[in-house]
Amino acid sequence: MQFLTAPGLLLRAEGLALLLVAVLAYSRMQGNWIAFFALLLVPDLGMVGYLRNTRLGAAIYNLVHAQLLPAALLAYWLFAADATALALAIIWFAHIGMDRLFGFGLKYPTRFGDTHLQHS
């Protein structure tokens, strides 16, 4: 029961679940695993905004690390049946799940370590 009252643990468990579902979905669609691993860390390029300032860095990071954009890509796939869109959405979800599993959350504009999972 203590697990259910620990938001950090729950968010990490959700991250693990998202990562596992994404990997299973990618496997099911018989995607290219070289592409999967090559693209898995691409959303981290969103950290480049931190070179300018923490507010811009947090905004860009959060944009590419929230589930909104990959969900939109998945919705596009539902209508267009574009296999590339599906593969990219799944890889993107896998990245987000992996980040949450390792404790990397959405950023506050104060400093890089301040996230919805922890404050540094």
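Throughout, read-outs are computed from the coordinates displayed, never taken from laboratory work. Being a predicted model, the structure only gives us computed values, none of them experimental. Quick reminder, even Gly has a Cβ in these numbers, built from the backbone with ideal geometry, and neighbours come from all protein chains shown.
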Exercise for review: Set Lys and Arg Cβ to +1 and Asp and Glu Cβ to -1, take the dipole of the chain about its Cα centre, and tell me which of 104, 50, 33 lies farthest positive.
Suggested key: 50
Point to revise | Two-site label geometry, residue 21 and residue 37: point separation in nm, points 7 Å out along Cα→Cβ | key: 2.6 nm
Practice item. Name the longest site-free stretch of the chain, where the excluded sites are chymotrypsin sites (Phe, Trp or Tyr not before Pro) in a DSSP loop with no more than 16 other beta-carbon atoms within 10 Å. Key: 1-101
Point to revise | Per-residue [θ]222 nm for the chain (sum of -39500 (n - 2.57) over DSSP H runs n ≥ 4, rounded to 500) | key: -20000 deg cm²/dmol
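By the scheme Lys and Arg +1, Asp and Glu -1, what is the net charge of all other residues having a beta-carbon under 14 Å from that of residue 43? Could the numbers behind the result be given before it?
Numbers: positive: 100, 107; negative: 44, 99.
Value of the local net charge: 0.
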Check your understanding: Do you know the relative contact order of the chain, to the nearest whole percent, from alpha carbon pairs under 8 angstrom that are 6+ apart?
Key -> 36 percent
Exercise for review: Have a look at 96, 60, 34 and tell me which one the Gaussian network model of the chain (Cα, springs below 10 Å) gives the largest fluctuation.
Suggested key: 34
**Study point:** Rounded to 10°, Cα long-axis angle of helix 54-65 versus longest principal axis of the chain
**Key:** 30 degrees
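Under a Cβ-Cβ cut-off of 13 Å, what is the net charge of the residues other than residue 60 that fall near it, where Lys and Arg count +1 and Asp and Glu count -1?
Details: positive: 52, 55, 107; negative: 44.
Local charge sum for residue 60: +2.
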Review point. Of [x] 35, 34, 29; [y] 38, 28, 23; [z] 43, 41, 26, which is the value of Cα extents along the principal axes in Å derived from the coordinates here?
Key: [z]
